[in-house]
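So the structure is just underneath, and the comments pick up after that.
Read-outs: derived from the displayed coordinates by stated rules, not from any lab. All values reported here derive from a predicted model rather than from experimental measurement. Here the Cβ positions follow ideal geometry from the backbone for every residue, glycine too, while neighbour counts run over all protein chains shown.
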There are 2 protein chains.
Amino acid sequence: MKADRKTRLARHVFAENLRRRRKELGLSQETFAALVGVHRTYVGAVERCEKNITLDNIERFAIALECSIGELLEEHDEG
Amino acid sequence: MKADRKTRLARHVFAENLRRRRKELGLSQETFAALVGVHRTYVGAVERCEKNITLDNIERFAIALECSIGELLEEHDEG
């Protein structure tokens, strides 16, 4: 797959996947934040696309969400 | 694929894929940096795993490398 400028911003795709996966695991933002070792407001900010998350944190999030980094950065169909 | 703590650090995987793909395209660090709009030393630092790159920059790198973000974050066999 070739990336092009028409694809949605990676930040948005990541935010959506994070929120979906966190809810699948039945975790609140607060519980998830504690699991990863970040502040609850940071998780909220990432889910609102306000924070430009770093690769080290993407990796920590993926480990806590028990999925691959790739899965968090790919677009998934809704519904 | 489930992420676990035995997999190599995402930073290393990204660095290796960046270097390989940049060379496939025949780009020097300097030319690539100019293409992306970052400083040459920044590209070198990312390739040496010294910088914790952000998602916005991962996306810009993927666009310049004409590949997906996923491809830059997956482990590839060598050789």
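Brief remarks on what is shown
- Residues that are charged (D, E, K, R) and farther than 20 Å from A:Glu71 by Cα, drawn from the stretch A:22-38: A:Glu30
- Residues in the stretch A:21-58 that are charged (D, E, K, R) and crowded, with 20+ Cβ neighbours inside 10 Å were compared, and the one that is farthest from the other protein chains (Cβ to nearest Cβ) is A:Arg22.
- The set of residues in the stretch B:19-52 being in contact (Cβ under 8 Å) with a residue 24 or more places away in the chain, assigned to a loop (DSSP other than H, G, I, E, B) and under 23 Å from A:Ile58 (Cα atoms) consists of B:Arg48, B:Cys49, B:Asn52.
- Filtered residues of the stretch B:9-20 (kept if over 16 Å from B:Ala64 (Cβ atoms) and more than 11 Å from every other protein chain (Cβ to nearest Cβ)): B:Glu16
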